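Each remark here refers to the structure printed beneath this line.
The values are calculated or read from the model by the stated rules, or taken from the named source; none is laboratory data. On a predicted model such as this, the values are computed, not experimentally measured, just so you know. So basically every Cβ, Gly included, is an ideal-geometry build from the backbone, and we count neighbours across all protein chains shown. Just so you know, the surface numbers come from the protein's heavy atoms only, side chains and all, with ligands and any DNA or RNA stripped out. Shrake-Rupley method; radii C 1.70, N 1.55, O 1.52, S 1.80 Å.
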Amino acid sequence: MAEITAEKAERPTVWRSHGTDRRSTRTLRLRTSAALLTVTVLAVLLVPPLVQLDQQAVDLAAKLQPPSWEHPFGTDDVGRDLLLRCVYGLRVSLLVGVAAALTATVVGTAVGATAGALGGWVDRAVMRVVDTIASVPHLLLGIFIVAMFRPGVWPVVISVALTHWLSTARIVRAEVLSLRSRPYIDAAVSGGASRWRVAVRHLLPGVLPQAALAAVLMVPHAMWHESALSFLGLGLPTHTASLGNLIQEARGSLLAGQWWPTLFPGLFLIVPTLAVAGLAGAWRERINPRRRSELML
């Protein structure tokens, strides 16, 4: 009996240690993600004005040189510096990703909030439309949309935005349905508040954290989608230094054994994605205290 009591007394200490390990791991992940994202943003903002070189300058005598002190990322098949090309490509891909994510979040929030707030047949009709659009693969629908325009930034933004608002609409609708059952919403309705006032004053502020988190997570997704379209030759013009175009241009070099024209643009896609995912995970735990407390057990 004494041994069982002693064993039970030791368990809280084990849980506490386990929770401490999780907190330290989460802190390390958060700091690493913040550092990677900071380096990425500083590179995008500072490298072009500080490095007085033309990223489109062709030097056939220096083509396909491996990484060196003069060219840290090497050169491409026409002698252009890959570091500058990757930084400019990341700027374009970030612009497309942020613009598409904001547009998709606004559309998804409006649709989801309307469906959740009105309910009834409106909710059912809107969600059936969402399910119908979601049944078509994103990339296939994006190709169909962008093929109707000339290659450019805004057709890609429209294509990505119109194929990525569905998840935001579902998240916002679920959050609105959850908020509608709260006592303060019943009190506002009993006090004579109109549907519009309840939606603007109570429901919309309650869903904004979830919508903002969805927008942040959508930025790297939109960047990958733009890169896929550009890789297929349907996205940005070939002379524009986007990450998808850089990877597409490096296919022949990779087959010939030159790995650097493909590796570094790919890393410029992967690193921001991992950084945003790490920060978004910490944000999700902060706005969901119940899940955070469960993780610390």
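Quick notes on this structure:
- Residues of the stretch 69-80 satisfying the condition of being out of contact with any Leu (no Cβ under 8 Å at 6 or more places or on another chain) and either aliphatic (A, V, I, L, M) or open to solvent by 50 Å² or more (accessible area, probe 1.4 Å) (or both): 69, 70
- Of all residues in the stretch 134-154 being free of Cβ contacts under 8 Å to residues at least 12 places away in the same chain and not in a loop (DSSP other than H, G, I, E, B), the one that is least open to solvent (accessible area, probe 1.4 Å): 140
- Qualifying residue in the stretch 219-240 (condition: among the charged types (D, E, K, R), under 30 Å from residue 145 (Cα atoms) and over 22 Å from the mean Cα position of the chain (by Cα)): no
- A count restricted to the stretch 77-110 and to residues that are touching a residue at least 40 places away in the same chain (Cβ under 8 Å) and over 28 Å from the mean Cα position of the chain (by Cα) stands at 1.
- Residue in the stretch 220-233 that is farther than 29 Å from residue 249 by Cα and open to solvent by less than 30 Å² (accessible area, probe 1.4 Å) present: no
- In the stretch 234-266, the residue that is surrounded by the most Cβ atoms within 10 Å (Cβ to Cβ) out of those that are of a type in the set (S, T, N, Q) and more than 25 Å from residue 106 (Cβ to Cβ) is 245.
- Top-ranked residue of the stretch 167-181 - restricted to ones that are more than 17 Å from the chain's Cα centre (by Cα) and over 14 Å from residue 126 (Cβ atoms), ranked as modelled with the highest pLDDT: 175
- Taking the criterion of being among the polar types (S, T, N, Q) and in a helix (DSSP H, G or I), the residues of the stretch 34-85 that qualify are 38, 40.
- In the stretch 81-120, the residues that are of a type in the set (D, E, K, R) and surrounded by fewer than 22 Cβ atoms within 10 Å (Cβ to Cβ): 91
- Set 186, 131, 123: member being crowded, with 16+ Cβ neighbours inside 10 Å and more than 20 Å from residue 226 (Cβ to Cβ): 123
- Filtered by the rule that a residue be over 19 Å from residue 211 (Cα atoms) and open to solvent by less than 30 Å² (accessible area, probe 1.4 Å), the stretch 158-183 gives a lone residue, 159.
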